[in-house]
Structure formats: C-alpha cells, structure tokens
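The values are calculated or read from the model by the stated rules, or taken from the named source; none is laboratory data. Predicted, not measured: the structure shown is a model, and the values here were computed from it. All Cβ positions, glycine included, derive from the backbone under ideal geometry; neighbour counts span all protein chains shown. When the accessible area is computed, the model is the full protein with side chains, heavy atoms only, and any ligands, DNA or RNA have been set aside. Shrake-Rupley method; radii C 1.70, N 1.55, O 1.52, S 1.80 Å.
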Amino acid sequence: MNRAPTIPDRILDGLNPQQREAAGYSEGPLLILAGAGSGKTRTLTHRIAHLIASGRARPHEVLAVTFTNKAAREMRDRVDALLQNQGRGVWVSTFHSACARILRREIGHMGFEPGFSIYDDADQRTALRRLIKEMGLSDRSYPARSVRSQIDRFKNRGLWPADLRAQDTLDSDRLSEIYQAYQSSLRRANALDFGDLLMLTVRLFQNHPGVLDYYQRRWRFILVDEYQDTNPIQYQLLRLLSQTHQNLCVVGDEDQSIYRFREADIRNILDFEKDFPGARVVRLEQNYRSTQSILDAATAVVQNNVDRLGKRLFTEREGGDPVRFFEAADDRGEASYVVSELLRRREEGLSLKDAAIFYRIHAQSRVFEEELLKYNLPYAVIGGTRFYDRAEVKDALAYLRVLVNRNDSESLARIINRPARGIGATTVARLFEAGNQRNTSLWGGVEASLAEGLLTGAALRRVRAFHALIEELRNHIDQEPVADLLARALDRSSYLQALEEDGSVEAETRRENLRELLAAAEEFAGQNPEPFEAEDEEPRAGTLQLFLEQVTLYSSADTLDGETLALMTVHLAKGLEFRVVFMVGLEEGLFPHFASHSDPVGLEEERRICYVGMTRAQESLYLTNATLRRLHGRVQSNLPSRFLDEIPPDLTVGSTRAARGLPVGAREPPSPEPRIDWNEGQWEGDELPPLEPGSRVEHPIFGAGAITEIVGAGPAAKIRVRFERVGMKTIVLRYAQLRLL
DNA sequence: TGGGAAATTTTTTTT
DNA sequence: AAATTTCCCA
C-alpha cells in the first residue's frame, strides 16, 4: 500500500543546493532564512514530501502551520501531488484552525462543551459594549472597539486577566475587570473568540500533561511558515509541541514581518538559534521571482530600516522594466491610469489573473471597482467587507449557530428580533439580566423568564413563540443537511417573507446573497471537508459545526481563481506573486499610514509592508500616488510617500515629485518656498494644506514650532505643535493663524 | 415599547 | 462613507 519510500531522492531534484539542504535535513531544529521569492514554500512542501517518502515520518506525524487557510490548502495539494496521493493525513492548517480542531476534541477538559461557538470581531464588540454598559462604565472612556483590540493584544501575548500588571495599561484595574467579565460571559455562552482558540489550547497543554504528551508524541515533525509573524502565544504553543522531538522547522524573513498590530514579535525569528540550541540555519538568497530592477528597488526601500539582519538577495533575471511611477491629480485619475494600463497590457497578451492591485487600506478599493466596471473587466476584491460579513448572511448564520449552541448569546441576541417580531431592546435587556443573575446565558434568561413568569402580556407571548421556533428547528439538526436546515430556518422564522414584503432593490440583493449562502452550504456538504486519518479517531463534529467553523475562520482571501483581476491590501498579498503589480496610494498619511507616522518602529513596519508589496511583482511594478484624495468622505491633499523617494531614480520611469523639485515625504520643503497662508482662500472646502508631522509652522503668538501630530482631516483637523518658546500646544487648523515655514 | 429616521462619530493592517 | 447612537413618533 505504502509505496512512497521508493523515490525519496527524486523529490529533492530540481532544488538548488540550499533548498536541497533544508528540504533533506534530517532531525533537530531548523531555521530557514528565506528572502522574498526564494522558494520557501517550495522548500517546505518538498521537505514534507521528503520526510514521508523517505519513511522518516508518516503523514499524520507531520504538522505544518501556514498563515492563511488558502496557503494551507495549496500546500496540502502540492505535498499530495509530490507523493502521488500518499500525503493525506498531514495536518496543514493555520494556528487558529489547528487549535479549533484540537479543542473540538479536547475542550471538555477545560469545562466547555464541544459544540462551542467562535465569536468574531463583531461578536466580541457587541458583547463588550453590553458588558461595559452593565458594569456602569461610560462607553466614552471604554469604547468597545479599543477595549476589544486591547484584550485581543493581551491574548496574543498570552496574558489572562490575572496576569495583567499595572504597566500593561494605564488603568489596569477597570480594564482587567472588563476583561475578566468578558471571559465569564464567553464561558456562559460556551463561546471562544479568536484569541481564546490559542490561549485555551496552551492552557489545556499546560494543565493537562497527558493531553500534551499525546500531541507531542504524535507530531514528530512541525513546520512553520511566515515565522517572522508569529506572536508570543503562538511561540508558546510551538515550544510546547516541539519539546519531545525538537523537530521544529521554521521559515521566515525578518523584512516581511507586517503583523505587529497582532503582537507579531520579530525576536522570535531573530532569537531562534538561542531558543533552540543546535539549530541548523539555512539561508535562501536567490530570488526566482522578480527582475533585477524590481528587486533592487524593493531592497533600496527596506534598507532604510535599522532593525534588520540584512541580506543579499540576488536574481538571474537581469534588467527588466524599470519601476513605473505615476502621480495622478486625484484618486479617480489614479484609478483611470491603472485601468488604462491594464487595458493596454491586455492587448499585449497579459491575462488579468496575472495582475493585481494592492492598496494599504480596503477603503481604497472602491474607485478601482467603479473604473473596472466601466470597462467590464472581471475583478475580485479580496477581503474587505467579506461575503460572510453581510448583515443578512450573519443573521442566517446566527440562526444556525443558535441551533448548535443555544447559549451563544451574541447570535441569539442578533436573531431574537430579526425579522422584527416585537421583542425590543428593553425586553432583551431584561432577558439578559435574568440570565446573568442565574449565571447563565441569554437563552438561560429566556427559559427562566418563561418558567418563572418574569414577563407579561405581549412580551411574554412573543418570547414564548420565539422559544418554540428555536426548539422546533432544533429537532431537525441531525436529520437534515446544512442547506435544508438553513432554508427551513429562514422560512419558519419568516425571515425570507419579511424580505419579500420589503420589495426594495436592497432587499432583493439580500435575498440574492442568501441564495448564494444556501448554495455554499450545499457545496460544503458535497465535499468532504477535511480528510481524516484513521488514527485521528476524531469525534466527527457535525457537518453543521464544521461549516460554521469554516465560515468563521476562512477569510475570503482563501478563494481566488479564474480569469479575474485581484484587488487586495498588501497584507493579504503576502505569499502571493503576480507578473504585473500596481501598488497604489503611495502617499504620506496613507502609506505610510498616519497612525504609524509618529513612531519609528511603526514606520519601519510600514516600510516592510511596502517591501512585501513590491516583491510580489515578477515583471512589472507600478507605484502610483494621487495629489488629492477623497477618503472617509473628505478630500485630502497628500504628499507623495517618502518610500518613493527612497528608490534610486535610475531604476524608475515616470513622474515623481522629487524629479520636479517638489517636496516628497518627510523632507523639509525647499526653503525659499512662498509662505502658504491657508486662511485666505487658497485651501477651499475640505482640502487640507500640505501639513504633516515634522512641518515647521509659525504662530502669531506662540512663535515658531514643529508639528508633532495631526488629528483628523480637513479644516476641522487639530494639530499638535511643539513650539520653541511655549512648548506643546493643540491648535484647531481652521482658526489658527499659522504660516508654513 | 418598538421601529425607523436623523444626528453624530470615527476612520489600518487579520486569524 | 460607514458605523453607531440618539431622537422622535406611533
């Protein structure tokens, strides 16, 4: 049956000596420092295939961790192809998916039920918003959004509420209290958030050595891609899992670390040799992807970073097109330039699937979409408002989630009055309170209210009817395929009916989306989601549960195919490559993003993001910027990105501000520039004067100073200025009699 | 009480 | 522009 071991060495054919060394390396920790385009994924897949083909590991003894589920699927397919279908059983997944899978089996040890829900960002926020209100705290001092991200950051660092010390936050008392309350509410709801998937797995391993032992023994070889973007909790997990066999192989590039906001810690890769003594280090420095011009330009940018090991990447693809600069008058002009270039190149035979548009933030996609629609060019926006984030889709999924786990309070709260059935905010608050008092979920509150007569009149009738609806639907869980169950839920809840009666175009779109969701559910049932190895003896989580998990954990970056142009953020572009890349919006304030402006560490990360984007290009790279940009409903005027200025002019063609002697990026404006006074009509409407941190200004009373921070946009923006004579002041731009120096 | 309209606030990047 | 909160009427 297992005929694989006959051809182990052929698997290493076609690799260069360094790739070969890494792929064929036998036992012990292994660090592969792999520059952009140096074939790291190829090396990883060949290593997995070789481990199995040579008989050193059986498929189920290998765990490979990738950054996205899409990457996981690709890697699984490639391994499988190399092994002629003997590769099934290798676990290839993201940290989150792997942990979810472990927890489905083991979470009983932690006092949760196996049918646990997974809360996404929106669920977390609404849960927090309610808790903060319940605790009598002001949502001004504790905006749910920022509390959510702080808690998330704690989790990425592996910190539970009890671990917080004063230095972790300015007001650690209340914050850790909220965090604590939030964790109890998750527990009552039998729910985990994204961070908990990792946190609970680590805690499970720490508290249950027997369970840890099983996984330690089982995974004799562990491989991790994009290691530069792992955070402390992921590091802990890897340490625990690799203890027994020490066969941890990590691949990464410190220049491509772009997830600091998720607590990714570059020291993980810098310190690997210290953390895992005796580690073998292999460097992959030959770039097989890009032309020399592209590589040189990208290197020139990233070289401005202080915090890096430094490496020499080389390519045999000499020369190539110079990098193209284009400065448009505004964002529409930028889009029309990009699309006209696409049309031109398509005439020359470029396939749209070989091109991509990268931007810093999702909001930039819109103008490009409009322009592409004009010419009927097929495109796909990756990420952004994902299909599964649409209100009606979330409603439908909430019904399913409640059927699996009635205690999922966020989902229940979402659907209890959708479609409107007369159970308003006041009633829901009461039900929540009833649940809280009994230390149970919203559903517990519903049951208690019905049993103990806490409600009267219309409210009672309506809640009773809703309760009956859920109970009725639950009877069908095990008897019907996911799609049928979903259709039944939408029908019995009158959700579809309400949309039909609405009659608006919007409602029609929503129904369309629901049909699409039904189709997705059907398709899901058709394919066997994850191949299970016999040894796994995994309790077959219901298909319904697997469907929900996939919908929650799989980002839409995980689907991209056909003859379509891809639009995405640079973050989502990591790990991909395209013949032609347009990186747009290279402007101060946008890229580098203003949130990182005042902080050198943040700026270095922005520079790495830029580097990642540039190195995706194989043949042609376009870098564009717009002088005026409509963003967040306002028009702003941006200087070209300082990153453009960091690229040597001999590698580029096209217009640049620098070539015309105009100010670029962080540089001081040329000095005998006429003084700009924007109180006298040069800057109309919402247009913002060319100000940025670092600009020097003069105030009639305070004298000269330098801008340290700009808050907001347009004339209503405030700026913080450090004046030479009077120190730091905050000034509203509109009223300030400032002059630019 | 519930529902929808109007006013207000807030802007990065993701599993 | 979009998300959220407040306001006002039935």
Problem set entry | Selection count, region A:226-284, where residues are free of Cβ contacts under 8 Å to residues at least 40 places away in the same chain, within 16 Å of DNA strand B (Cβ to nearest atom) and acidic (Asp, Glu) | 1
Problem set entry | Scan of region A:75-95 for residues that are surrounded by fewer than 22 Cβ atoms within 10 Å (Cβ to Cβ), in contact (Cβ under 8 Å) with a residue 24 or more places away in the chain and in a helix (DSSP H, G or I), ordered by number | A:78, A:82, A:95
Seminar exercise, completed: Flagged in region A:121-161 as among the basic types (Lys, Arg), in a loop (DSSP other than H, G, I, E, B) and modelled with pLDDT of 90 or more, in numbering order, are A:157
Exercise. Which ones in region A:45-69 are assigned to a helix (DSSP H, G or I) and more than 15 Å from residue A:8 (Cβ to Cβ)?
Worked result: A:60, A:61, A:69
Exercise. Do we find a residue being open to solvent by 20 Å² or more (accessible area, probe 1.4 Å), in contact (Cβ under 8 Å) with a residue 60 or more places away in the chain and either more than 10 Å from DNA strand B (Cβ to nearest atom) or not basic (Lys, Arg) (or both) anywhere in region A:438-450?
Worked result: yes
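Yes or no, residue by residue, for (1) within 16 Å of DNA strand C (Cβ to nearest atom); (2) modelled with pLDDT of 95 or more:
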site: A:278; (1), (2): no, no
site: A:305; (1), (2): no, no
site: A:319; (1), (2): no, no
site: A:338; (1), (2): no, yes
site: A:349; (1), (2): no, no
site: A:362; (1), (2): yes, no
site: A:370; (1), (2): yes, no
Exercise. Which pairs do you get when a residue that is within 10 Å of residue A:393 (Cα to Cα), found in region A:503-514, comes within reach of a residue that is open to solvent by 70 Å² or more (accessible area, probe 1.4 Å) and outside any helix (DSSP H, G or I), reach meaning Cβ atoms under 7 angstrom, with the pair 6+ apart or on two chains?
Worked result: A:513/A:390
Exercise. Which residues, counting only those in region A:138-154, are of a type in the set (S, T, N, Q) and either crowded, with 21+ Cβ neighbours inside 10 Å or away from DNA strand C (no atom under 15 Å from the Cβ) (or both)?
Worked result: A:150
Problem set entry | Residue list for region A:96-137, filter: within 16 Å of DNA strand C (Cβ to nearest atom) and surrounded by fewer than 15 Cβ atoms within 10 Å (Cβ to Cβ) | A:121, A:122, A:133, A:134, A:135, A:136
Seminar exercise, completed: The number of residues in region A:206-225 that are touching a helix residue (DSSP H, G or I) at 6+ places or on another chain (Cβ under 7 Å) and in contact (Cβ under 8 Å) with a residue 40 or more places away in the chain is 11
For this session: Any chance you could count how many residues in region A:206-225 are touching a strand residue (DSSP E or B) at 6+ places or on another chain (Cβ under 6 Å) and either open to solvent by less than 10 Å² (accessible area, probe 1.4 Å) or in a helix (DSSP H, G or I) (or both)?
Result: 5
For this session: For residue A:605, state whether it is in contact (Cβ under 8 Å) with a residue 24 or more places away in the chain and either of a type in the set (Ser, Thr, Tyr) or away from DNA strand B (no atom under 11 Å from the Cβ) (or both).
Result: no
Exercise. Assuming residue A:410 fulfils every condition listed in (1) within 16 Å of DNA strand C (Cβ to nearest atom); (2) closer than 24 Å to residue A:586 by Cα; (3) open to solvent by 10 Å² or more (accessible area, probe 1.4 Å) apart from one, which condition is it?
Worked result: (2)
Exercise. List pairs: first in region A:189-205 and more than 17 Å from residue A:408 (Cα to Cα) and in a helix (DSSP H, G or I), second polar (S, T, N, Q) and more than 16 Å from DNA strand C (Cβ to nearest atom), Cβ under 6 Å, 6+ apart or cross-chain?
Worked result: A:202/A:236
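A quick yes/no check of all residues on (1) at pLDDT below 90; (2) open to solvent by 50 Å² or more (accessible area, probe 1.4 Å); (3) in contact with a Ser or Thr (Cβ under 7 Å, 6 or more places away or on another chain):
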{"residue": "A:518", "(1), (2), (3)": "no, no, no"}
{"residue": "A:560", "(1), (2), (3)": "yes, yes, no"}
{"residue": "A:567", "(1), (2), (3)": "no, no, yes"}
{"residue": "A:590", "(1), (2), (3)": "no, no, no"}
Exercise. Does region A:594-630 hold any residues that are at pLDDT 90 or above, within 16 Å of DNA strand C (Cβ to nearest atom) and open to solvent by 40 Å² or more (accessible area, probe 1.4 Å), and which are they?
Worked result: A:628
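Which one of A:386, A:401 is under 30 Å from residue A:501 (Cα atoms), open to solvent by 20 Å² or more (accessible area, probe 1.4 Å), in contact with a strand residue (DSSP E or B) (Cβ under 6 Å, 6 or more places away or on another chain) and not hydrophobic (A, V, I, L, M, F, W, C)?
Result: A:401 is the single residue among A:386, A:401 that is under 30 Å from residue A:501 (Cα atoms), open to solvent by 20 Å² or more (accessible area, probe 1.4 Å), in contact with a strand residue (DSSP E or B) (Cβ under 6 Å, 6 or more places away or on another chain) and not hydrophobic (A, V, I, L, M, F, W, C).
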